[in-house]
1. For region 32-92, what are the per-bin percents of Cα-Cα distances with bins 10 Å wide, up to the bin holding the maximum?
2. Among 85-97, 45-57, 25-37, how do they line up from the highest to the lowest mean number of other beta-carbon atoms within 10 Å?
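No lab work stands behind these numbers, since they all come straight from the coordinates. These numbers come from a predicted model, not from an experiment. All Cβ positions, glycine included, derive from the backbone under ideal geometry; neighbour counts span all protein chains shown.
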Amino acid sequence: MVDLQETPAVPPFDPKGDVRIGYHIAGGILVTLGWGFGVVGNLVLHWLAPSGGYRLYRVVIAGSLGPYAWALLGFGLFVGAFGVVLIAVARGAPQGPVVLPGYDY
């Protein structure tokens with residue numbers, strides 16, 4: 001006889017995979033989006049803007065940084081820093097075998 005209170009309804013799942021790969025990919029994407037587009041792309045767009053600025057739909061990009069550009073710059077710095085934290089977590093995580101999700105090894 002089996003005590004149902006002691007038996008889990010679903011057996012524990014052990015993926016036996018390397019979680020560091022996901023952290024590296026996510027961290028790299030966040031660094032690219034945050035620092036690449038949010039900071040560098042933002043500053044380059046404003047630096048290359050002509051004296052009258054240019055219009056993208058309803059957004060005017062001028063030579064000076066407005067409140068939206070400063071907000072995007074700060075958000076890009078934060079997102080890039082969070083990506084660096086994810087990469088640091090990946091470097092500190094224990095190494096596991098590289099497996100494909102859903103495939104029994």
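1. Using 10 Å bins, I get a P(r) of 23, 43, 21, 10, 3 for region 32-92.
2. On the way: 85-97: 12.8, 45-57: 10.5, 25-37: 16.5.
Ranked from most to least packed, the peptides come out as 25-37, 85-97, 45-57.
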